[in-house]
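Participant: Please read through the structure below; I'll follow up with questions.
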Amino acid sequence: MQALRKLKEGKGNLAIEEVPIPEIKPHEVLMKVWAAGVCGSDLLIEDDKHFYKAPVTLAHEFSGVAYKVGKDVKNIKEGDHIVGDIETETGWLGVTRDGAYAPYMSMPESVCYKVPKDLNLDYAAITEPVVAIIHIMQERTGVKAGDFVVIVGPGPMGLIGVQFAKIRGASEVALIGLKKDKKRLEVGKKLGADYILYSDEHPEKTVMKLTDGKGADYVLECSGAKVGGNIVGVQHAIDCARRAYEGPGGRGVISFISLWGEEITLKLDEVSLGQLDIHGCWSWNGSETWIRAVDLITRNVFNFDPMITNRYELSEWKKAFQMLREGRDIKALIYPNGRITQDEFDKNHMN
């Protein structure tokens with residue numbers, strides 16, 4: 001089969017390569033891939049700014065069908081629609097262990113989660129970002145009912161974050177982006193953002209006006225945005241957060257999920273003076289978080305349609321990566337088994 005792989009260390013070094021279909025171990029599942037999401041961390045791996053272990057097939061956001069199961073697999077049957085946790089005992093799928101930019105991928109049963117047969121597998125392929133948002137905004141930190149929330153960055157994580165903030169009971173949500181992000185910000189408005197703010201128009205001043213000078217109770221920074229050589233998203237997060245100059249502090253909560261791949265310069269006085277709580281967020285709480293994510297997606301809590309802006313064949317990966325770099329796609333999906341309907345995929349999954 002053909003797979004998109006990081007062939008060796010260094011910038012670039014991505015290519016489609018012929019590799020064998022994986023041989024599964026007794027406790028593993030061989031998944032036939034329906035779709036794999038294009039993620040910013042895939043671009044960072046291409047740029048050599050994210051950890052990985054080469055050679056490796058990329059893609060860690062995915063959905064598919066159980067094509068074959070090992071003899072010790074108990075809860076997954078051939079033909080089940082599945083998604084999967086990327087963190088396995090032998091490496092991270094699509095990062096240090098072969099991932100989903102290939103027609104077939106192997107993974108332990110312990111990281112497989114069934115989804116209903118009538119669920120759109122495009123939506124299922126976005127489970128991993130939803131898992132990350134649940135971990136950030138509910139498990140590591142928590143948006144509370146009535147909170148004024150600021151989301152910095154209108155990418156997939158930010159747009160899912162807007163929706164999840166409202167699910168958690170946020171009173172109002174402000175979404176910050178760049179002028180070039182106008183279309184993404186319009187999608188954010190459609191998905192529930194109450195205010196659209198631009199990075200170069202002092203969004204922190206607007207947030208302070210909207211909150212009677214208090215600032216945002218909760219800020220999620222998921223942009224990694226660079227303007228004129230400066231990383232601006234993190235500074236926006238600090239400047240928009242609610243200060244507590246007296247008392248126990250911790251009234252303004254900031255969560256970081258962005259990766260920058262380089263040193264950044266910040267003004268941090270308000271972190272100390274305003275007693276801000278800053279949380280780094282990565283990974284999740286294992287099966288607990290994945291079960292929650294599958295449940296929410298199955299109940300159609302999220303609106304993914306405005307976010308999925310393009311669909312590509314595996315051979316079009318360069319275009320898919322470039323469209324994401326230029327901000328012209330929000331969430332794009334790559335189909336390693338070709339562009340067919342889900343009905344055709346289900347009928348042919350054993351072929």
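The values are calculated or read from the model by the stated rules, or taken from the named source; none is laboratory data. Quick caveat: nothing in here was measured; it's all calculated off a predicted structure. Heads up, the Cβs are rebuilt from the backbone with ideal geometry, glycines too, and the neighbour counts pull from every protein chain shown.
Participant: Farther than 22 Å from residue 297 by Cβ, among the acidic types (Asp, Glu), surrounded by fewer than 18 Cβ atoms within 10 Å (Cβ to Cβ) and out of contact with any Leu (no Cβ under 7 Å at 6 or more places or on another chain): does that describe residue 181?
Facilitator: Judged against the criteria, residue 181 is not a match.
Participant: Among (1) outside the structural domain of residue 214 (by TED's automatic domain parsing); (2) small (Gly, Ala, Ser); (3) exposed (fewer than 15 other Cβ atoms within 10 Å of the Cβ), which single condition is residue 250 missing?
Facilitator: Looking at each condition in turn, residue 250 falls short on (1).
Participant: Moving on. Please find, within the range 48-86, the residue that is nearest to residue 307 (Cα to Cα) out of those that are crowded, with 17+ Cβ neighbours inside 10 Å and among the acidic types (Asp, Glu).
Facilitator: 61
Participant: Check every one of the strands (runs of 3 or more DSSP E) wholly within the range 74-158 and list those with 2 or more residues that are within 21 Å of residue 334 (Cα to Cα) and at pLDDT 95 or above.
Facilitator: Result: 81-84, 104-108, 112-115.
Participant: If you take the residues of the range 165-192 that are under 18 Å from residue 142 (Cα atoms) and in contact (Cβ under 8 Å) with a residue 40 or more places away in the chain, which of them is nearest to the chain's Cα centre (by Cα)?
Facilitator: Per the stated criteria, the residue is 165.
Participant: A further question follows. Of the residues 250, 274, 261, 286, only one is modelled with pLDDT under 90 and in contact with a Leu (Cβ under 6 Å, 6 or more places away or on another chain); which?
Facilitator: None of the other options fit; the residue is 261.
Participant: Here is a further query. In the range 265-292, how many are exposed (fewer than 15 other Cβ atoms within 10 Å of the Cβ) and either in a strand (DSSP E or B) or in contact with a strand residue (DSSP E or B) (Cβ under 6 Å, 6 or more places away or on another chain) (or both)?
Facilitator: Residues flagged as exposed (fewer than 15 other Cβ atoms within 10 Å of the Cβ) and either in a strand (DSSP E or B) or in contact with a strand residue (DSSP E or B) (Cβ under 6 Å, 6 or more places away or on another chain) (or both) within the range 265-292 amount to 2.
Participant: Being closer than 23 Å to residue 278 by Cα, of a type outside the set (Val, Ile, Thr), assigned to a helix (DSSP H, G or I) and at pLDDT 90 or above is true for just one of 186, 204. Which residue is that?
Facilitator: Residue meeting the stated conditions: 204.
Participant: Which one is nearest to residue 134 (Cα to Cα), of the residues in the range 53-97 that are among the aromatic types (Phe, Trp, Tyr) and under 17 Å from the mean Cα position of the chain (by Cα)?
Facilitator: 62
Participant: Now, a different point. Return the only residue of 158, 192 being surrounded by fewer than 20 Cβ atoms within 10 Å (Cβ to Cβ), in contact with a strand residue (DSSP E or B) (Cβ under 9 Å, 6 or more places away or on another chain) and not assigned by TED's automatic domain parsing to the domain that holds residue 16.
Facilitator: 192
Every residue, every condition in (1) buried (at least 24 other Cβ atoms within 10 Å of the Cβ); (2) closer than 24 Å to residue 28 by Cβ; (3) among the charged types (D, E, K, R), yes or no:
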site: 106; (1), (2), (3): no, yes, no
site: 122; (1), (2), (3): no, no, yes
site: 130; (1), (2), (3): yes, no, no
site: 141; (1), (2), (3): no, no, no
site: 167; (1), (2), (3): no, no, no
site: 174; (1), (2), (3): yes, no, no
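Participant: Run down 223, 255 and say which single residue is crowded, with 22+ Cβ neighbours inside 10 Å, assigned by TED's automatic domain parsing to the domain that holds residue 165 and assigned to a loop (DSSP other than H, G, I, E, B).
Facilitator: Going through 223, 255 in turn, the sole match is 223.
Participant: Sticking with this one: Need the failing condition index for residue 205 against (1) under 28 Å from residue 326 (Cβ atoms); (2) of a type in the set (D, E, K, R); (3) surrounded by fewer than 21 Cβ atoms within 10 Å (Cβ to Cβ), just the number.
Facilitator: (1)
Participant: Among 45, 16, which is the only one that is surrounded by fewer than 18 Cβ atoms within 10 Å (Cβ to Cβ) and either of a type in the set (A, V, I, L, M, F, W, C) or over 23 Å from the mean Cα position of the chain (by Cα) (or both)?
Facilitator: Testing whether each residue is surrounded by fewer than 18 Cβ atoms within 10 Å (Cβ to Cβ) and either of a type in the set (A, V, I, L, M, F, W, C) or over 23 Å from the mean Cα position of the chain (by Cα) (or both) leaves just 16.
Participant: Could you tell me which numbered condition residue 92 fails, if it satisfies all but one of (1) in contact with a Lys or Arg (Cβ under 8 Å, 6 or more places away or on another chain); (2) surrounded by fewer than 21 Cβ atoms within 10 Å (Cβ to Cβ)?
Facilitator: Single failed check for residue 92: (1).
Participant: Which ones in the range 61-105 are in contact with a helix residue (DSSP H, G or I) (Cβ under 6 Å, 6 or more places away or on another chain) and not polar (S, T, N, Q)?
Facilitator: Residues satisfying the conditions are 61, 73, 76, 83, 84, 85.
Participant: Is it true that residue 304 is surrounded by 15 or more Cβ atoms within 10 Å (Cβ to Cβ), assigned to a loop (DSSP other than H, G, I, E, B) and in contact (Cβ under 8 Å) with a residue 12 or more places away in the chain?
Facilitator: Spelling it out, residue 304 is indeed surrounded by 15 or more Cβ atoms within 10 Å (Cβ to Cβ), assigned to a loop (DSSP other than H, G, I, E, B) and in contact (Cβ under 8 Å) with a residue 12 or more places away in the chain.
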